[in-house]
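> Got a structure for you, written out below as structure tokens; questions coming shortly.
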Amino acid sequence: MRTKITIPAKKQFDLNSTLRSHGWVNLLPNIYNENGRSFSRTQRLSSRIVVHFQVSSSGEKIPDILILIEHPKELSQSELNEIRENVRYMLRLDEDLEEFYDLCKNKKSPWKYLSHGKGYLLRSPDIFEDLVKVICTTNIQ
């Protein structure tokens with residue numbers, strides 16, 4: 001089965017810039033689709049059901065975030081909400097970067113020209129996954 005969810009970004013947001021920001025999208029269970037400017041991942045929800053979803057953007061200045069979910073059975077509203085909130089968290093859609101943009105304006109190139117919607121970093125849906133990724137990707141020679 002397939003289900004589509006849309007999340008309005010509510011502010012300028014550049015998904016492609018976020019995905020390319022620091023390489024997190026290249027670490028499993030994320031799968032980066034360079035041509036489609038999207039990523040997908042498989043995830044177990046708190047209800048124990050396993051879903052696969054792809055995240056993309058409408059491409060507008062203030063975009064809609066589009067989530068296409070593949071799942072074995074009908075999803076409940078709480079499961080759909082969990083996916084929606086995970087994606088909001090991963091993309092940091094609720095974070096305000098205005099202070100960061102103001103700091104960048106006072107710096108020299110290329111920071112001076114950082115446009116609104118850029119500067120976000122992808123993160124995992126939970127702190128444990130981020131912690132494992134940090135430990136496993138840190139040079140500890």
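The values are calculated or read from the model by the stated rules, or taken from the named source; none is laboratory data. None of these values were measured; they are calculated from a predicted model. As a convention, Cβ positions derive from the backbone with ideal geometry for all residues, glycine included, and neighbour counts pool all protein chains shown.
> If you check LYS112 against the conditions, is it part of a helix (DSSP H, G or I), at pLDDT below 85 and surrounded by fewer than 17 Cβ atoms within 10 Å (Cβ to Cβ)? Step through it out loud before you land on a result.
On the way: part of a helix (DSSP H, G or I): yes; at pLDDT below 85: yes; surrounded by fewer than 17 Cβ atoms within 10 Å (Cβ to Cβ): yes.
Yes; evaluated as a whole, the condition is true for this residue.
> In the range 52-83, which residues are part of a helix (DSSP H, G or I), surrounded by 16 or more Cβ atoms within 10 Å (Cβ to Cβ) and not β-branched (Val, Ile, Thr)? Outline the logic, then answer.
Kept after step one, since they are part of a helix (DSSP H, G or I), are these residues of the range 52-83: 77-83.
Right, trim to surrounded by 16 or more Cβ atoms within 10 Å (Cβ to Cβ) and you get 79-80, 82-83.
Result: GLU79, LEU80, GLU82.
> Here's something else I'd like to know. Taking the range 22-42 as the region of interest, how many residues are within 14 Å of ASP130 (Cβ to Cβ) and surrounded by 15 or more Cβ atoms within 10 Å (Cβ to Cβ)?
Initially, the range 22-42 is screened for residues within 14 Å of ASP130 (Cβ to Cβ), giving 22-25, 27-30, 41.
Next, from what is left, pick out any that are surrounded by 15 or more Cβ atoms within 10 Å (Cβ to Cβ): 24-25, 27, 30, 41.
Within the range 22-42, residues that are within 14 Å of ASP130 (Cβ to Cβ) and surrounded by 15 or more Cβ atoms within 10 Å (Cβ to Cβ) number 5.
> On to the next question. Quick test of your reading of the structure: SER46 fulfils all but one of (1) more than 20 Å from VAL132 (Cβ to Cβ); (2) loosely packed, with under 15 Cβ neighbours inside 10 Å; (3) of a type in the set (S, T, N, Q); (4) modelled with pLDDT of 95 or more. Name the failing condition by number.
Result: SER46 fails condition (1) only.
> So which pairs qualify, if the first residue must be in the range 5-32 and part of a helix (DSSP H, G or I), the second must be hydroxyl-bearing (Ser, Thr, Tyr), the Cβ gap must be under 6 Å, and the two must be at least 6 apart or on different chains?
LEU15/SER57; THR18/TYR120; VAL25/TYR32; ASN26/TYR32
> A further question on this structure: Conditions first: (1) in a helix (DSSP H, G or I); (2) of a type outside the set (Gly, Ala, Ser); (3) surrounded by fewer than 17 Cβ atoms within 10 Å (Cβ to Cβ). LYS107 passes all but one, so which condition is the exception?
(1)
> Among the residues of the range 98-122, what is the count of those that are among the aliphatic types (A, V, I, L, M) and touching a residue at least 40 places away in the same chain (Cβ under 8 Å)? Let's see the steps before the verdict.
Restricting attention to the range 98-122, the residues satisfying the condition of being among the aliphatic types (A, V, I, L, M) are 103, 114, 121-122.
Subsequent filtering for residues that are touching a residue at least 40 places away in the same chain (Cβ under 8 Å) retains 121-122.
The qualifying residues number 2.
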